[in-house]
Each structure stands twice: as C-alpha cells, then as structure tokens.
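Visitor: Here it is, the structure, as structure tokens.
The values are calculated or read from the model by the stated rules, or taken from the named source; none is laboratory data. Since the structure is predicted, the reported quantities are computational estimates derived from the model, not experimental observations. Ideal geometry is used to build each Cβ from the backbone, glycine not excepted, and the neighbour counts take in all protein chains shown. These area figures cover heavy atoms from the full protein model, side chains too; ligands, DNA and RNA do not enter into them. Shrake-Rupley method; radii C 1.70, N 1.55, O 1.52, S 1.80 Å.
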Amino acid sequence: MNDRNKPKVVVLTGNEFRHKFFCNELRKLLHVNGVVSEAEPSESITSQLDNCVDEDILKHFKQRDEAEKCYFGDHASFDLLSSHVLEIGSNRVNSDDVFGWIQERKPEVLVLYGCGIIKEGILNAYAERIANLHLGLSPYYRGSGTNFWALVHEEPECVGGTILQPTSIIDGGPILYQFRPKIMLGDRNHDLGCKTIIAGVPAISDVVNRIIRGKVKKRKQTDSGKYYQFNDFDADAVRKIWHLIDAGMIDQYIKNKEIRDKSFPLFEG
C-alpha cells in the first residue's frame, strides 16, 4: 500500500532515538506527512543530570541510554524530507507557527508521543482526531514514570502503554486502547521500556485507522490507582528495582503471567 492510500498523520514527538524510531516505523503503516520534533524540557530529570552526584541515578540513565541505542540506535534521524520535519525548542509545541505548520499538512489525525502538553488551540482544532501514546497503564499507575513505579511495586503486569484521547486534563482523557509489551526471561527494566515503545507502533496505527473509520471506542478514566510526581523519583527506588529484578521478579511474573494479568484488565476497544 502506497502512502496515498494510508491515513495521513502528523506526529508531535521528541528528538531522542526512541522518538525517531517511533516515527520511522510508523511510516511503514501510516502516511506520516510531518513530524514536529521538540527538544527535551530543561526541567526534565535527564536534562539535570549534569548536576547529579548520585552514582546510581547516573548509572540508571546510562543504562537507559545504552538500551535505547541497542534497540533504536539505527534511527539517528527521521526518515523524511527535511521540509517535513519541524525541529522546535522545548515548550514551543503550542506556538502559533507550529499550529500553522501542522495545518498546512492537512492531517486526518494527530499522533502524540513524547511531546509537551498540548493545549486548547490544537485540542479544539482536532478534537476527536488526536491519539496520544502514553507509556504506562492508566489508571493503575498515573502521573510521572508510570512503568518505572509499576516495577518498584513488583507489578510487571502493569507495565505497558495506554493510547488516550487528549483533553485539557493532563493524561486524563478517555482511554482508546491499551497494550503490554512482550516480556521475556532475562529482560530488565529498560528492556521493558523499549519493548513498550516498539509495541506502541502497531497499537497506535490500529487506533488511527479506527478513528478514520469512526469505529473507535472509549473508556472514561477514573482517579483510582497509584499516582506519582516528577519529584518522587530517587535513588532508593532505582536500587529497589535492581534488587527485585536480580531476585527474579520478571521470571516469577512470566511463570504466572495469565493469572496476574487478569488482575489488571486492559481496554482494547
């Protein structure tokens, strides 16, 4: 199927290997007519690592970078003409010039993954035609670092992704689809993170096609589950995950996967 027969989308994303992988793989399934690539916010955890003195936190993010290079290292750039990629600074995704650039590309659906919070201008213009890939299974874990905290609480069954329809409530819009990565013996925390992103590509493509056909179903979110903020992340939590994985947490989950997954059902539309 050539691009003219695929749903036309614009992707709003970040600028790391994982974001480029996501867009490049999505091009195989959808007509990606533009990518807005936003620099990481200065207030993010990883942007502040230069001032970090805790060796275990530094090791945690070094391991994440190494895992992402292993899984996504072949994607150093977006496989699009430069005229179809708009690189912007952090916190600029809602600016008028970005909005105009998106509209020029006439997307049928907007796809969000790893960009800043989308505000009313874009939300109102595309309303029912936005799909946001959120890492984590809502509402079981909400807020920041959702898949990270699922492992801290010894619940690998709560690692996954949720595709949301964005609203003015941050990550509070209706759920369109959920999925888990394929977890295997020997996987560690960053393997699970990368595998979730990989599984998110066909999942969001399916949701986009449902939106185009008017067949998408929704589930309203609740305020249940565990909620974590940016400042909750610390070295103790990192060390706990390492200890749990070394003690066999992932292997024990795999042995009892069917039963454990039933305790946290997914919405699959």
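Visitor: Hey, can you find the accessible area per residue of the range 77-228 for me, probe 1.4 Å, expressed in square angstrom?
Guide: Values: 6850 Å² over 152 residues.
Result: 45 Å² of accessible area for each residue.
Visitor: Report the net charge of residues surrounding Gly269, where surrounding means a beta-carbon distance below 11 angstrom and charges are Lys +1, Arg +1, Asp -1, Glu -1.
Guide: +3
Visitor: Grab the range 183-252 and count how many Lys pairs have their alpha-carbon atoms under 26 Å apart, sequence gap of 8 or more, or different chains.
Guide: Going through the range 183-252 pair by pair, I get 7.
Visitor: Dipole magnitude of the chain about its Cα centre, charges +1 at Lys/Arg Cβ and -1 at Asp/Glu Cβ only, in debye to the nearest 20?
Guide: Dipole magnitude for the chain comes out near 1380 debye.
Visitor: Give me the mean projected area, in nm² to one decimal, of the convex hull enclosing the Cα positions of the chain. Please list the in-between numbers first.
Guide: Values: hull surface 56.5 nm².
With the hull built on Cα positions only, its mean projection is 14.1 nm².
Visitor: What span do the alpha-carbon atoms of the range 6-164 cover on each of the three principal axes, reported in whole Å from largest to smallest?
Guide: Largest to smallest, the principal-axis extents are 46, 32, 29 Å.
Visitor: Where in the chain is the longest stretch that carries no GluC sites (Glu not before Pro) classed as loop by DSSP and with at most 14 other Cβ atoms within 10 Å? Write down the numbers at each step before the final one.
Guide: Details: sites that count: Glu43, Glu128, Glu268.
My reading of the result: 129-267 is the longest stretch.
Visitor: Taking the Cα atoms of the range 111-228, what is the range of coordinates along each of the three principal axes, in descending order and whole Å?
Guide: Principal-axis extents of the Cα atoms in the range 111-228, largest first: 44, 27, 23 Å.
Visitor: Follow-up question, since we're still on this one. Treating only the Cβ atoms of Lys and Arg (+1) and Asp and Glu (-1) as charged, compute the dipole magnitude of the range 207-269 about its Cα centre; round to the nearest 20 debye.
Guide: Computed charge dipole of the range 207-269: roughly 700 debye.
Visitor: Return the loop-located trypsin sites (Lys or Arg not before Pro) in the range 2-33 (DSSP other than H, G, I, E, B) with at most 13 other Cβ atoms within 10 Å of their own Cβ; answer none if there are none. Intermediate values should be presented prior to the final figure.
Guide: Working: sites: Arg4, Lys8, Arg18, Lys20, Arg27, Lys28; in loops: Arg27, Lys28.
Hits after loop and neighbour filter: Lys28.
Visitor: Could you work out which residue, out of Leu49, Leu80, Leu29, moves most in a Gaussian network model of the chain, that is, has the largest mean-square fluctuation with Cα springs under 10 Å?
Guide: Sorting by GNM fluctuation, first place goes to Leu49.
Visitor: I want to check the label-to-label distance for Leu58 and Ile169. Put each point 7 Å from Cα in the C-beta direction and report it in nm to one decimal.
Guide: Once both label points are built, they end up 4.2 nm from each other.
Visitor: Using r as the Cβ-Cβ distance of Arg188 and Ser263, and R0 as 22 Å, what FRET efficiency do you calculate, to the nearest 0.05?
Guide: The value I calculate is 0.45.
Visitor: Which of the listed residues, Phe22, Tyr177, Ile254, is farthest toward the dipole's positive end in the chain, when Lys, Arg count +1 and Asp, Glu count -1 at the beta-carbon?
Guide: Tyr177
Visitor: Could you pull out which residues in the range 173-191 have an amide N less than 17 Å from a spot 7 Å beyond the Cα of Asp251, following the Cα-Cβ vector?
Guide: 183-189
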